[in-house]
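Please read the structure below before turning to the comments.
The values are calculated or read from the model by the stated rules, or taken from the named source; none is laboratory data. Worth saying up front: this structure is predicted, and the values here are computed from it rather than measured. Here the Cβ positions follow ideal geometry from the backbone for every residue, glycine too, while neighbour counts run over all protein chains shown. All accessible areas refer to the heavy atoms of the entire protein, side chains included, with ligands and DNA or RNA removed. Shrake-Rupley method; radii C 1.70, N 1.55, O 1.52, S 1.80 Å.
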Amino acid sequence: MSRAREADRAAVEAANTAFYEALEQGDFDGITDLWLDDGATPISCVHPGWPVLSGRGEVLRSYALIMANTDYIQFFLTDVEVALTPDVAVVTCTENILSGGPAEDGASLGPLVGQLVVATNVFRRTSEGWKVWSHHGSPVIPESDGDGPEDPSDTAD
């Protein structure tokens, strides 16, 4: 692998890490700076269970809502893969998420919840570095524990 390609891979990995760190820290300005903003290219985002969000305003508003309603969030990324072209990079990973909402009854933190999400983050090279063009996260459905049928249509009468 050439030095330039290695440098691009490292820069994309750093941008991807910065994206998740900004979310963990509730850094809305950091999130805003990481998203592509060239005035011409529409950005998009799909959070697990949400419809497709298109356009900078909708996407950034979604992060503001998530941050306002999440007191604690931590991402442990696994299975990270980077695919590169000269000006576009695709990062796939598994987000192992631990999060907690607002506390109730005087507790310091609401109940913590774990979740697995597979994500695809598309980055584009700009004069300011690699920027997020699109994010898509899909929940990982837990495997059946053997107590019931895996396929609901697979029931016996």
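For this structure, a couple of remarks:
- Relative protection proxy for 19-31, 3-15, from highest mean packing down: 19-31, 3-15 (other beta-carbon atoms within 10 angstrom).
- Its alpha carbons considered, the chain gives a radius of gyration followed by a Dmax of 18.1, 63 Å.
- A cut-off of 5 Å between modelled amide H atoms, ignoring neighbours fewer than 5 places along the same chain, links residue 71 with 100, 101.
- Accessible carbon and sulfur surface of the chain relative to its total accessible area, %, 1.4 Å: 52
- Charge tally for residue 16 (other residues, Cβ to Cβ under 12 Å; Lys, Arg +1; Asp, Glu -1): -2.
- Normalised per residue, the accessible area of the chain is 60 Å², obtained with a 1.4 Å probe and no contribution from ligands, DNA or RNA.
- The coefficient of translational diffusion for segment 1-51, derived via Stokes-Einstein from the alpha carbon Kirkwood radius under 20 °C and 1.002 mPa s, stands at 166 µm²/s.
- Segment 45-58 - phi-based ³J(HN,Hα) in whole Hz, Karplus 6.51/-1.76/1.60, Gly and Pro as x: 8, 10, 8, x, x, 9, x, 5, 9, 10, x, 4, x, 5
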